[in-house]
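The structure under discussion appears below in the form of structure tokens.
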Amino acid sequence: MSRPDSMRKYFLLIAAVVLLLDRLTKLVIERRVPLHESISIIPGFFKLTHIENRGAAFGLFADSPSEWKIAILVLCSVIALVVVSFLLWKNSHVMSTTSIGLALILGGAVGNLWDRLAAGHVTDFLLFYLGPYEWPAFNVADSSIVIGAALLVLEILFSKSPAHEKAH
């Protein structure tokens, strides 16, 4: 087995772990916390709450009455999965911030796509707030996507170009 193939299994493992954690946490919330109910974890800051998000990330378009909304969100997810999978396959010859970021995005995207296809919504449950201000509820898949995207941004901002490395 060549080196790229041996590295690919690690990236697939990262994506699989994200998917597994996402599915398990959503199932626990769905079974143990009634819809729209909350459990305070850190009073005044963090609670688990069971929300069904019928929109995109952070509830965007959730109130849209369009009958095409789910189909469009699924199509966008599938396109993103194809692009991320291609980039991961292409960049999977070395363990890098880019490849880890892409693997995290892949696992998260599959997790949320799974929900949309199976139930027509995504289960969100992590809710952070401070007084009257609250961040939209999210889940493990969303967290993975955001962390993966942050790693890609950091790689872009702080990596040295080959021309820059040759000069030094």
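The values are calculated or read from the model by the stated rules, or taken from the named source; none is laboratory data. Since the structure is predicted, the reported quantities are computational estimates derived from the model, not experimental observations. No Cβ is skipped: glycine too gets one built from the backbone with ideal geometry, and neighbour counts run over all protein chains shown.
On the basis of being more than 30 Å from residue 34 (Cα to Cα), in a helix (DSSP H, G or I), touching a Gly at 6+ places or on another chain (Cβ under 7 Å) and of a type in the set (A, V, I, L, M, F, W, C), does residue 88 make the cut?
no
Given (1) over 19 Å from residue 30 (Cα atoms); (2) under 9 Å from the mean Cα position of the chain (by Cα), identify the lone condition not met by residue 131.
Failed condition: (2).
What's the number of the condition residue 93 fails, among (1) part of a helix (DSSP H, G or I); (2) surrounded by 15 or more Cβ atoms within 10 Å (Cβ to Cβ); (3) over 15 Å from the mean Cα position of the chain (by Cα)?
(1)
Just one of the numbered conditions (1) surrounded by 15 or more Cβ atoms within 10 Å (Cβ to Cβ); (2) at pLDDT below 85 is not true of residue 65; which one?
Failing condition for residue 65: (1).
If residue 77 meets every condition in (1) touching a Lys or Arg at 6+ places or on another chain (Cβ under 6 Å); (2) modelled with pLDDT of 75 or more; (3) hydroxyl-bearing (Ser, Thr, Tyr) apart from one, which number is that one?
Failing condition for residue 77: (1).
Go through the stretch 16-39 and report how many residues are out of contact with any helix residue (DSSP H, G or I) (no Cβ under 8 Å at 6 or more places or on another chain), in a helix (DSSP H, G or I), in contact (Cβ under 8 Å) with a residue 60 or more places away in the chain and β-branched (Val, Ile, Thr).
1
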